[in-house]
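Taking it in order: structure first as structure tokens, then the write-up.
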Amino acid sequence: MDITGFLKAHRLPETYADTAQKWFNPLAEQITTHYESAKRPFVVGINGCQGSGKSTLAAFLAAFFSSKQQLSVVTLSLDDFYLSKSDRNALAVKVHPLLATRGVPGTHNTDLALATLSRLKEYGTVSLPRFNKATDDPYPVTDWPVTNSPPDIILLEGWCLGVPPQSDAELRNPVNKLEAEEDPLGIWRRFVNTQLAGEYQTLFEQVNFWCMLKGPSFDHVYRWRCEQEHKLAASGVKDNSGVMSDEQVARFIQHYQRLTEYGFQTVPQRCECVFELDEHRQIINQHKA
């Protein structure tokens with residue numbers, strides 16, 4: 001594959017080529033080995049906290065499989081199945097105000113996600129949902145890319161992908177200021193947990209191979225997430241009303257803290273491959289099943 005073109009297209013430093021050569025090429029070969037003895041399409045799940053680089057890893061793997069092995073690949077993000085602002089606002093009125101903010105289980109259209117995966121397993125053409133974070137709303141259906149199905153490999157990435165629900169005891173105490181002040185009765189986090197225990201687990205069961213980019217701690221998510229917003233703001237999109245300031249990011253990520261930290265504890269157990277990251281998002285270790 002053209003690694004130089006890939007680095008340029010994704011605004012990556014040249015050091016990413018070394019990372020890919022050392023860690024991601026062998027991962028791609030490992031996935032290929034599993035794929036060859038499996039039914040098509042083969043679903044690869046990539047978990048990682050916000051800003052960990054899971055979208056870039058998915059893009060790299062897609063480029064590798066298509067250029068080096070001539071495999072057809074579809075890339076999906078759990079983020080692309082977020083509910084619209086109007087639907088989330090309806091949830092905010094009906095259930096809890098915190099549901100107006102995208103992110104947690106309960107703010108995705110899981111029916112659409114499951115239907116999309118189901119259609120990708122049949123012959124035909126499939127429209128792939130896409131979400132515009134700059135406007136905080138889905139792109140119009142007419143703008144969704146269309147692919148021929150079934151592909152050889154489906155890459156599915158998401159920050160809460162593979163995370164199991166928590167127990168009632170684990171939900172009892174707030175984990176941060178947001179939960180303590182804005183969800184003192186635990187209504188929001190219990191709703192989120194109930195959603196996670198339902199169709200999200202059905203979605204996760206579709207995954208055939210699990211990979212995780214494991215951040216060092218939740219403390220690093222704030223800086224990484226700010227970098228994402230700065231990159232989005234600099235991308236030149238016409239409507240960037242959904243782009244957040246650093247102060248907004250600080251509050252925003254508190255919605256994610258509970259399940260991100262729980263994911264650090266639980267997701268590695270189901271993974272075939274876990275990459276441990278340092279504070280600079282450099283891989284410092286790898287664990288294989």
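The values are calculated or read from the model by the stated rules, or taken from the named source; none is laboratory data. Bear in mind the structure is a predicted one, so any value in this text is a computation, not a measurement. FYI the Cβ positions are ideal-geometry reconstructions off the backbone, even for glycines, and counts take in every protein chain you see.
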Point to revise | In the range 80-110, the residues that are more than 17 Å from GLY45 (Cα to Cα), part of a helix (DSSP H, G or I) and touching a strand residue (DSSP E or B) at 6+ places or on another chain (Cβ under 7 Å) | key: LYS85
Point to revise | Lone unmet requirement of (1) modelled with pLDDT under 95; (2) in contact with a Leu (Cβ under 8 Å, 6 or more places away or on another chain); (3) over 28 Å from TRP23 (Cβ atoms) for PRO216 | key: (3)
Review point. Can you tell me which residues in the range 1-46 are of a type in the set (Gly, Ala, Ser), surrounded by 13 or more Cβ atoms within 10 Å (Cβ to Cβ) and part of a helix (DSSP H, G or I)?
Key: ALA17, ALA20, ALA28
Review point. Could you count how many residues in the range 111-143 are in a loop (DSSP other than H, G, I, E, B) and either over 18 Å from the mean Cα position of the chain (by Cα) or small (Gly, Ala, Ser) (or both)?
Key: 6
Revision key, fill the gap. Condition set of a type in the set (S, T, N, Q) and in contact (Cβ under 8 Å) with a residue 40 or more places away in the chain, scope the range 96-148, selection nearest to ARG189 (Cα to Cα): answer is THR101
Review point. Are any of the residues in the range 116-126 in contact with a helix residue (DSSP H, G or I) (Cβ under 9 Å, 6 or more places away or on another chain), closer than 30 Å to ALA250 by Cα, surrounded by 15 or more Cβ atoms within 10 Å (Cβ to Cβ) and of a type outside the set (D, E, K, R)?
Key: no
Practice item. Go through the range 1-46 and give me each residue that's of a type in the set (Phe, Trp, Tyr) and more than 26 Å from GLY263 (Cβ to Cβ). Key: PHE6
Exercise for review: Could you check how many residues of the range 18-34 are within 14 Å of GLY53 (Cβ to Cβ) and among the small types (Gly, Ala, Ser)?
Suggested key: 1
Review point. How many residues are closer than 23 Å to TYR262 by Cβ and in a helix (DSSP H, G or I) if we restrict to the range 47-79?
Key: 6
Revision key, fill the gap. Over the range 85-114, the set of residues surrounded by fewer than 19 Cβ atoms within 10 Å (Cβ to Cβ), within 30 Å of ALA28 (Cα to Cα) and of a type in the set (A, V, I, L, M, F, W, C) is LEU112, LEU114
Point to revise | Count - residues of the range 39-65 that are within 25 Å of ALA115 (Cβ to Cβ) and of a type in the set (S, T, N, Q) | key: 2
Point to revise | Those residues of the range 177-207 which are part of a loop (DSSP other than H, G, I, E, B), touching a residue at least 12 places away in the same chain (Cβ under 8 Å) and either of a type in the set (A, V, I, L, M, F, W, C) or crowded, with 18+ Cβ neighbours inside 10 Å (or both), in sequence order | key: ASP183, VAL207
Review point. How do the pairs read when you match residues in the range 73-84 that are under 25 Å from ALA28 (Cβ atoms) and in contact (Cβ under 8 Å) with a residue 24 or more places away in the chain with residues anywhere that are part of a strand (DSSP E or B) and not small (Gly, Ala, Ser), using Cβ under 6 Å and keeping only pairs 6 or more apart or on different chains?
Key: VAL73/ILE153; VAL74/THR147; VAL74/ILE154; THR75/LEU155; LEU76/LEU156; SER77/GLU157; ASP79/PHE131; ASP80/PHE131
Exercise for review: Looking only at the range 169-176, decide whether some residue is more than 21 Å from GLY48 (Cβ to Cβ) and in a loop (DSSP other than H, G, I, E, B).
Suggested key: yes
